[in-house]
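What follows is a short report on a single structure.
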């Protein structure tokens, strides 16, 4: 029945064009009764039992008929039980006095990325202002107290601390940008996990010593995986730094390695302050901090766990956290021991060199 109605509205040539359109589409009456649609339309949840139920879409169809012109509008469709929130661009064109063609493009991911970029720039600006502003004030304090050696010593030490914090933040931004822009497949090798752990620990020894944190290593030895060595070291280093930052002085941080179901698991365990359950889903977001005030004291950049997440995903793996306030946290990187796509690409690239 639906097919017969559509054939009575459009010519065979128009029907062939509709069949070739890359966008989702449907043809509906002024009242929203659908008489024809593309196969991909059901993914948007605009239609229920051949009836347009989404109010903004119905309003746009009615407006197009009233104006007798084609209309183009971007709408945000609220989340439902079966569909997440979506950003769609609708192009509505009247076909006759009773029906209109609606073309649909999904801009959900594009708008999400736009928001991520805007938030990232805003967060960077905010994060950079704090140490830069502090350095300016400390420099003024040193100038004012130039005749007081004790004051100069005090404020110069503070300047060194803020400069280190600024350098760590910039390095983290560069690391995250490099990881997101690079293709893991282009620079992989067989990585010995023991060497990975050793290299990451070398980078954090001074901080661990300064906080009197003991780092112990255990688990399964002689494990290997295919991946980007630099990225994997960066991810593990950030996990260990995170554990040191949020552990009380004189505490212990443990690194464990294991092979489970074809995946290498590297876990970093601390006895620090822990993360509340309701915060655990967000801690891998860029610049997200459970306690911003405490983060300023500990010196965290808010980017370390985002780097870990991106590295794991780039290697076809995952990262997870178990934590309980007052009882510490366990962060786990789970990377395929031998990602076939990565390994085979590495061989091809090696052979072609």
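The values are calculated or read from the model by the stated rules, or taken from the named source; none is laboratory data. Keep in mind the model is a prediction, meaning the values are calculated, not measured. All Cβ positions, glycine included, derive from the backbone under ideal geometry; neighbour counts span all protein chains shown.
Kindly list the number of the only condition in (1) part of a loop (DSSP other than H, G, I, E, B); (2) over 26 Å from residue 173 (Cβ atoms) that fails for residue 209.
Single failed check for residue 209: (1).
Of all residues in region 317-336, count the ones that are surrounded by fewer than 17 Cβ atoms within 10 Å (Cβ to Cβ) and either at pLDDT below 90 or more than 18 Å from residue 276 (Cβ to Cβ) (or both).
5
Of the residues that make up region 178-195, is at least one assigned to a loop (DSSP other than H, G, I, E, B) and more than 24 Å from residue 285 (Cα to Cα)?
The answer is yes; a qualifying residue exists.
At pLDDT 50 or above, out of contact with any helix residue (DSSP H, G or I) (no Cβ under 8 Å at 6 or more places or on another chain), in the same structural domain as residue 281 (by TED's automatic domain parsing) and not in a loop (DSSP other than H, G, I, E, B) - does that describe any residue in region 337-353? Talk me through it step by step, then tell me what you get.
Let us first name the residues in region 337-353 that are at pLDDT 50 or above, namely 337-339.
From what's left, out of contact with any helix residue (DSSP H, G or I) (no Cβ under 8 Å at 6 or more places or on another chain): 337-339.
Applying the additional criterion that residues be in the same structural domain as residue 281 (by TED's automatic domain parsing) yields 337-339.
Pick out the ones that are also not in a loop (DSSP other than H, G, I, E, B) and you get none.
For region 337-353, residues at pLDDT 50 or above, out of contact with any helix residue (DSSP H, G or I) (no Cβ under 8 Å at 6 or more places or on another chain), in the same structural domain as residue 281 (by TED's automatic domain parsing) and not in a loop (DSSP other than H, G, I, E, B): absent.
Which of the residues spanning region 217-273 are in a helix (DSSP H, G or I) and out of contact with any strand residue (DSSP E or B) (no Cβ under 8 Å at 6 or more places or on another chain)? Working first, answer last.
Initial filter on region 217-273 (in a helix (DSSP H, G or I)): 229-245.
Scanning region 217-273 gives 230, 231, 233, 234, 237, 238, 241, 245.
Could you tell me how many of the residues in region 192-228 are surrounded by 14 or more Cβ atoms within 10 Å (Cβ to Cβ) and under 18 Å from residue 164 (Cα atoms)?
Looking only at that region, the number is 5.
Which of the residues belonging to region 43-75 are free of Cβ contacts under 8 Å to residues at least 24 places away in the same chain and farther than 16 Å from residue 103 by Cβ?
48, 49, 51, 53, 55, 59, 66, 67 - these are the residues of region 43-75 that are free of Cβ contacts under 8 Å to residues at least 24 places away in the same chain and farther than 16 Å from residue 103 by Cβ.
If the Cβ limit is 8 Å and pairs must be 6+ apart or interchain, which residue in region 160-174 that is within 12 Å of residue 132 (Cα to Cα) pairs with which residue that is modelled with pLDDT of 75 or more and surrounded by fewer than 14 Cβ atoms within 10 Å (Cβ to Cβ)?
The qualifying pairs are 166/132.
Could we say that residue 243 is surrounded by 23 or more Cβ atoms within 10 Å (Cβ to Cβ) and touching a helix residue (DSSP H, G or I) at 6+ places or on another chain (Cβ under 7 Å) here? Walk me through it before giving the result.
Details: surrounded by 23 or more Cβ atoms within 10 Å (Cβ to Cβ): yes; touching a helix residue (DSSP H, G or I) at 6+ places or on another chain (Cβ under 7 Å): no.
So residue 243 does not fit the description; no.
Checking residue 295 against (1) crowded, with 19+ Cβ neighbours inside 10 Å; (2) modelled with pLDDT under 85, only one condition comes out false. Which one?
Condition (1) is where residue 295 drops out.
Does residue 124 qualify as being modelled with pLDDT of 90 or more and more than 16 Å from residue 63 (Cβ to Cβ)?
no
Taking region 309-330, which residues are under 20 Å from residue 175 (Cα atoms) and in contact with a strand residue (DSSP E or B) (Cβ under 9 Å, 6 or more places away or on another chain)?
Listed by number, the residues that qualify are 309, 311, 312, 313, 314, 315, 316, 317, 318, 319.
Could you say which residue among 31, 55, 74 is within 20 Å of residue 110 (Cβ to Cβ) and surrounded by fewer than 13 Cβ atoms within 10 Å (Cβ to Cβ)?
Result of the check over 31, 55, 74: 74.
Tell me which of these residue 160 doesn't satisfy, since it passes every other one: (1) within 30 Å of residue 236 (Cα to Cα); (2) surrounded by 14 or more Cβ atoms within 10 Å (Cβ to Cβ).
So residue 160 meets the others, but not (2).
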